[in-house]
Every structure is written in structure tokens, then in C-alpha cells.
1. Filter the range B:68-94 down to residues that are more than 8 Å from every other protein chain (Cβ to nearest Cβ) and either surrounded by fewer than 22 Cβ atoms within 10 Å (Cβ to Cβ) or assigned to a loop (DSSP other than H, G, I, E, B) (or both), then give me how many there are.
2. Using the structure shown, decide if B:Gly272 is open to solvent by less than 50 Å² (accessible area, probe 1.4 Å) and either part of a loop (DSSP other than H, G, I, E, B) or at the interface with chain A (Cβ under 9 Å from one of its Cβ atoms) (or both).
3. Can you name the number of the only condition in (1) closer than 21 Å to A:Glu6 by Cα; (2) open to solvent by less than 10 Å² (accessible area, probe 1.4 Å); (3) within 14 Å of chain B (Cβ to nearest Cβ); (4) in contact with a Leu (Cβ under 8 Å, 6 or more places away or on another chain) that A:Phe52 fails?
4. Residues B:Ala266, B:Ala234: which one is among the small types (Gly, Ala, Ser) and within 10 Å of another protein chain (Cβ to nearest Cβ)?
5. Filter the range A:5-35 for residues that are within 14 Å of chain B (Cβ to nearest Cβ) and hydrophobic (A, V, I, L, M, F, W, C); which is least open to solvent (accessible area, probe 1.4 Å)?
6. Tell me the residue from A:Phe39, A:Phe102, A:Phe108 that is among the aromatic types (Phe, Trp, Tyr), surrounded by 21 or more Cβ atoms within 10 Å (Cβ to Cβ) and within 14 Å of chain B (Cβ to nearest Cβ), please.
7. Considering A:Gly246, A:Gly254, A:Gly238, which residue is open to solvent by less than 20 Å² (accessible area, probe 1.4 Å) and within 12 Å of A:Pro96 (Cα to Cα)?
8. Tell me the residue from B:Val104, B:Val65 that is within 11 Å of another protein chain (Cβ to nearest Cβ), within 22 Å of A:Ser43 (Cβ to Cβ) and either among the hydroxyl-bearing types (Ser, Thr, Tyr) or open to solvent by 20 Å² or more (accessible area, probe 1.4 Å) (or both), please.
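The values are calculated or read from the model by the stated rules, or taken from the named source; none is laboratory data. Just so we're clear, the structure is a prediction, and the values are computed from it rather than from any experiment. Note that each Cβ is placed from the backbone with ideal geometry, even for glycine, and that neighbours are counted across all protein chains shown. Accessible surface areas use protein heavy atoms only, side chains included; no ligands, DNA or RNA. Shrake-Rupley method; radii C 1.70, N 1.55, O 1.52, S 1.80 Å.
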Amino acid sequence: MKTPYEVNTTKLISVVDESPTIRTFRLEPKPIEFKAGQFAELSVPGVGEAPFTPSSSQYDNEKMEFTIMKVGRLTSALFNLKPGDTVGVRGPYGKPYPVEKFKGKEVFIVGGGVGFAPLRALFLTLIHKIDDYKKIYIRYGARTPDDIIYKQFIPEWSKLDKVDIKMSVDVGTKDWQGKVGVVTVLLDEIPVSITDSSVIVCGPPIMIKFVTKKLLELGFPGSNIYLSMESNMSCGIGQCNHCRIGELYSCKDGPVFTWDQIKHIKDPFI
Amino acid sequence: METYFLPEERFFPFVLRLTEENDVFGQSKRHIRKFRLEAKEPPVFDGFRTVEPMKHFFMRAKEIVAKFGEPLDKEISPQVIIGARRCDLQALKVYDKVFLEGEVVDPFYKERREKTTIISVDCEEPTETCFCNIMGLEPWSDKDSDINFTPIKKGYIVDIITEKGNLLFGNSKDWLQTADENDLNQRAEKRRKATELLGKINSEYSNIKLEKALETENMKARKGEPMNCVECCACLMICPTCYCYLLYDEPTKEKMRVWDACYYPAYARVGGGANPRPDVMERFKNRFACKFEYSPKNHNLFACTGCGRCISGCMAKIDIKRVLSQLANAASQKEEI
């Protein structure tokens, strides 16, 4: 019997330590096709599964990567895996970032912590056809310079024409050159058109809440603010009800919603 | 639809014939029981619904739904449910919306639904927890099952509603007689009486305006009876429309699906421990919003059929009718309950 819960099996090929608590897991062969912003259920055999959004490019046909923070039972089991171990992936679920709507516009990406992971998938998708977009801005905040992920890629990305990256940390160190403060300090200077750019936000709920508040105060239209409202997605198919935000389901209606789609829900950022 | 009369003495042989090719379930002493060929007594229609809802016939309380890295073999046998009430049939509509008409069809639900024939029965004596009338339903149905029975003197009026129902009767159709005017008048009178009784039972709630109760901004419920909730989740497990489920993996690499309930504190908790509804009153509000606001928005149906099982099942004596009525009044007066 074909069931919606069957996984595609693949192998963990390598692991990159991004920060003391965050690792990128590289899986080969690529177990499923997906588009940036869609998520998948990643499972450790005999332990369970949890929802993660891939951080690799949708155009990469060889492998699939997930950047994951160790926070609980399943992620601890993932951190104990060794290269060569088998994992399962089912999906993709949810709606991808509507990149076609970003065409010809400035794209303003705001990320916090491990929330940079899905944004990397988006960024790699955007730079694949970079001429389609006016310019791409990344504003990324982490707790400390050590907690910044994708350190090995950021200098390379910064060199690209039409890409502008700025970072902040909550707590700086002597060597830190960027801004210090929560990610909203990066919104003190807005380099994009307020009325005609696309803003994509992903990070911890509290960060999304304050970034959204600030963006709305600055006058960004709610229809141009794309928020990653990831919650406890379990079935991925809009049935089990765990991920519901009001009458919407993160798993099938999201996980990316515009502010206009969710603004009627009382306090969605919890 | 064809309407007949089945004499009392033919009912039990009819049920026993069904057991030859189907798993047959019916009502006995208020509970659902399996009837086998060697059964000594026929199912009874005890005036109102059974204690258990019908949902486990279509979605098991616990079942294997996948195996890691290998296909799943599963056989689903044909079944007949005798004695479904209007509230049970209405609940199935909610299930159909979720498991058949959503973006992804649940293969287990689909196959069970296809292999199940439902024989419904009129409610003759609604009990004090019943409130299907408030939910806009009548205590009988002549279109949502495959066959409907109405108990009358010396037998039953039988409506054969679907082709599946017709096939189920098969050879037993020889036992059916024409329903005469007297039989039909008896049915009309019984239905009128049941409706009248329901009206009496719920007379103090007849003015509940559900759309008022749905003004969830006012659903803070800091001092009303929901505060007595002990979070046992009996109301949700026994609810015929509640369909939430949890997936987990056994160490044997089998993926299990079990019923879940939104009153459990960990229900919406995410990895790392953040919880959107840590407080029981938040979860209470979520349950009511799910039934009376989100389900109508998503499925054009209330996810409550007025069966009253949650009232019977609640050890804290929380009465959904009373709470709805309090909410509606509070909403009108802009108060917290």
C-alpha cells in the first residue's frame, strides 16, 4: 500500500560544524526534488522525524543539505549520526518562496540564527539567475561571531555584484567589525525601495515579530513581507493539525506566509 | 431511495447473514460490539447514540502507517456498522473533508470508507447530553448512510439509500415488505416526538447564537467552568469529529499513527521547547475555535455534531452547551467568562 508517510532513503555523506550548536548535514543522493522554502520531514531510522527546510540550492542535482541546530531529541540523534549512515526524507511540503514575484525587484533578506538555513536555499536560487533581480540584500544577525553560520561562504557571496551583505551580533568580540545589537539594528538603514521590494524574514519567532513590527512601521506593505512561520509540522499534508496557526496550516498553506495572510490571527508569533 | 418494512423476526437473521462476509458491528448495552455468526442476541437500538464514536472504524486509535525503507502491506476487511446516528454521520463528513477531499488522500481512510457499509438508525429518545438540534441537525437521516432503519411496532422501516446498501441487502431483500401508510405515519410520529424531546432538553440553550460564541477575542474564560479542566483529553478522544493525530517511530522502524488531542500540553510544542499554547485556557480556546471557527472556514462545516459525548466523558463536568451559551452571552456583553 502506498502511503503518504513513506520516506525516500539516502545517506549522510558529510557533516560541517557551522557553530557550536549548528551543523550542516549533506545527504547524497538527493532524496527528493524541492523548491526553496519548501520543507521536508527528515527521519532517523527508529528514532523519529522532524521538519526542516533544506539549505542547499534547489538546482543542485547531486546532494541535499540541511542546516540544523541541536535542540531536542531528534536533532540530538541526528548529531550522533556518522557519515555513511542512512536517513529518510519525505516531502517536499508547503509552498516555496514565490521567486517569480521578486523578479525585477530588490530582494531584502533578513535572517536570524539558524533561520539563515532556508534563506541560504533562497539566496542560492536567486543567484542562479541573478540578472532576474535588481539587487539582493542580506541582513543577518547571530548571538555572537561564533554563532554565525556559513562563515566559509559569506566572503565569497559578498564579492558578487548585486549582492550586499551586512551582519550584526548580539554580543560582539574585540575582532568583530560589524554591528552589535539585535537584528533590528540592521534595519536602521533601509537600502531598498519601501513600496516596491520583497522582504523575506526567517529566524526565531521573537525576531520575526520585532522585524515585522519594524518593517510595518517603516511602511513596507504587508503583501511584500514574507515570513517563515514554521511550527510543529508533523504530517506535512494538512491533516494532523499540529502546525496550525489560526485556520491556516504551516505545512500546506505555508510555511512562508505574507504578513497580509496572517495579520488577522491574534499574536501569530508564538 | 427505496422504502420497505422489515419484520422484527427477520432482523437478527439479516444481521447474522451479514457476518458471513463482513465484520459486523452494532450496539449492545450502550457500547459498540462486534457481532459474529454465533451471536446469541441481535444488536439493539437503545434510543440514542453509543458511548463510543464511529471514528475508529475509519482511523484506528493506533496503527502502523509506514515502514522505514520498505513497503507496507495492509489488508482492510469489509465492515458493516449498524446503528449509526445522525451525529455520527455528520462527523464523518468532517473526516471526509480532511482525509478524502484534502490535497492528500489518506489511503487507509479511503479504503476503509469504501469497504464500509453504514446502517443508520433514528434516535428515538435523545438523552440530556444531546444537542444536535442546536447544531442544526435532526435526530435522524435519510441520506447520509447506505441504509436507514426506523424502529416501529413489530419491525423496522428500511430506507435503502445507496447502491452499496442495496448490494448489502442482497438475498435478504426477499424479507422486505412494502411499508404501508400506517408504518410511515408511525415513523413521522416517532420523529416528531424525538424532535420535540430534543427541543425540551435544550430549551434553555435554544437562543445560542454560535456566531456570537465564535467571537474568540472574548474567550478568555478565566473564571468559568473550563477552568475545572484536568487536561485528561477524554472530551477530544471521544469526540466523533476530532481527527488530530501524532506520528512517531518505533525502534522497530515502524511509523505509528495515534490519535492526539490539542489539550495535551506538548501538542503544539516545537523542538527546543517553545510552546505556542502553554496555558490550558489557550488550548481550550483553540479547541473551540477549531470546532466553531476554523472548521467552518476551511470545510464549511462545524466540527461539532451535538452528540454530547464530551459532556458525558468529562470528569470535571464541563458542559459544552453551557460553555457555548456562556460565551455567546459574554460576547454580547463584551465580558470575559
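1. So the answer is 9.
2. no
3. With (1) closer than 21 Å to A:Glu6 by Cα; (2) open to solvent by less than 10 Å² (accessible area, probe 1.4 Å); (3) within 14 Å of chain B (Cβ to nearest Cβ); (4) in contact with a Leu (Cβ under 8 Å, 6 or more places away or on another chain) applied to A:Phe52, the lone miss is (2).
4. Residue meeting the stated conditions: B:Ala266.
5. A:Ile22
6. So the residue among A:Phe39, A:Phe102, A:Phe108 that is among the aromatic types (Phe, Trp, Tyr), surrounded by 21 or more Cβ atoms within 10 Å (Cβ to Cβ) and within 14 Å of chain B (Cβ to nearest Cβ) is A:Phe39.
7. Being open to solvent by less than 20 Å² (accessible area, probe 1.4 Å) and within 12 Å of A:Pro96 (Cα to Cα) holds for just one of A:Gly246, A:Gly254, A:Gly238, which is A:Gly254.
8. None of the others qualify; the one that does is B:Val104.
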